[in-house]
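Single-structure report; data block below.
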């Protein structure tokens, strides 16, 4: 196999060690200089000196040698420079502090609940929500550290199922006498309460953020928490663990009829 000298970009052949593992160095032989040359490999593929130079230049935010920057690249570098100079207000930083602590607490609490989960559907929900909380935490911290952020997608609850309304002989409830009595209902209810608390914290944070990107991130966190809570409600409702009481039909109709369709205000 032939590779290139890092300094001269001239081809050379590998030595007796053959190909190298990902991230290792591989020694080859430069036929012109008669000296061994090291080349870095990534994912098992060797890189030329030009490729390595381009990677280093990209990491340092510099233009690779011998190449013209496109308008998109220049705009990206300009945005990176603006991000390095980004400032935050005291209030929004304090609110972000609350959100990040809420994420940490949620992850830690969910891990404590894991040994008490028996329903595999609930276990899947727990795993998905922990992963999403962790990704949201990482994105927020990276942004605050001026290291950019990954693609943040709000948590998507599954398609809504038919909600069961009315009380159907709900089981009596009381505090557990011991942690050994914790069951799926307890875990799902605690997770839902955590998601509801997170929705309130993130909404308050979004309302106090001056930075538009940070405000959008906090808004996404609030939407995610709302969806996480609804996912847990659906699980509990289908299992008969969260029953929805209703008013008498006449009372419901009276309340609904109180509000009439209005006319558009004239200005």
List the number of the failed condition for residue 201; all other conditions in (1) assigned to a helix (DSSP H, G or I); (2) surrounded by fewer than 18 Cβ atoms within 10 Å (Cβ to Cβ) hold. (2)
Those residues of region 103-133 which are more than 21 Å from residue 235 (Cβ to Cβ) and within 14 Å of the chain's Cα centre (by Cα), in sequence order: 103, 104
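Picking from 204, 227, which residue would you name as being touching a helix residue (DSSP H, G or I) at 6+ places or on another chain (Cβ under 9 Å) and under 17 Å from residue 153 (Cα atoms)? Break it down into steps so the answer makes sense when it comes.
On the way: 204 fails: under 17 Å from residue 153 (Cα atoms).
Matching residue, one of 204, 227: 227.
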Looking at region 210-222, can you tell me whether even one residue there is in the same structural domain as residue 115 (by TED's automatic domain parsing) and part of a loop (DSSP other than H, G, I, E, B)? yes
Which residue, of 143, 110, is over 17 Å from residue 231 (Cα atoms) and surrounded by 13 or more Cβ atoms within 10 Å (Cβ to Cβ)? 143
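For (1) in a helix (DSSP H, G or I); (2) assigned by TED's automatic domain parsing to the domain that holds residue 107, each residue gets a yes or a no:
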residue	(1), (2)
186	yes, yes
233	yes, yes
250	yes, no
260	no, no
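How about region 112-126: which of its residues are in contact with a helix residue (DSSP H, G or I) (Cβ under 7 Å, 6 or more places away or on another chain) and part of a helix (DSSP H, G or I)? Lay out the reasoning, then the answer.
Taking region 112-126 and keeping what is in contact with a helix residue (DSSP H, G or I) (Cβ under 7 Å, 6 or more places away or on another chain), we get 113-114, 116-119, 121-122, 125-126.
If the condition is that a residue be in contact with a helix residue (DSSP H, G or I) (Cβ under 7 Å, 6 or more places away or on another chain) and part of a helix (DSSP H, G or I), then 113, 114, 116, 121, 122, 125, 126 are the ones that fit.
Rundown of residues vs (1) at pLDDT 95 or above; (2) within 19 Å of the chain's Cα centre (by Cα), yes/no style:
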site	(1), (2)
192	yes, yes
196	yes, yes
205	yes, yes
213	no, yes
216	no, yes
236	yes, no
261	no, no
Among 158, 154, 172, which is the only one that is touching a helix residue (DSSP H, G or I) at 6+ places or on another chain (Cβ under 8 Å), assigned to a loop (DSSP other than H, G, I, E, B) and under 28 Å from residue 115 (Cβ atoms)? 158
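Can you tell which of 247, 190, 214 is over 30 Å from residue 88 (Cβ atoms) and in contact (Cβ under 8 Å) with a residue 24 or more places away in the chain?
Numbers: 247 fails: in contact (Cβ under 8 Å) with a residue 24 or more places away in the chain; 214 fails: over 30 Å from residue 88 (Cβ atoms).
Matching residue, one of 247, 190, 214: 190.
The values are calculated or read from the model by the stated rules, or taken from the named source; none is laboratory data. The structure presented is a predicted model; accordingly, all values stated were derived computationally and were not measured. In this analysis, Cβ positions are derived from the backbone assuming ideal geometry, glycine residues included, and neighbour counts consider all displayed protein chains.
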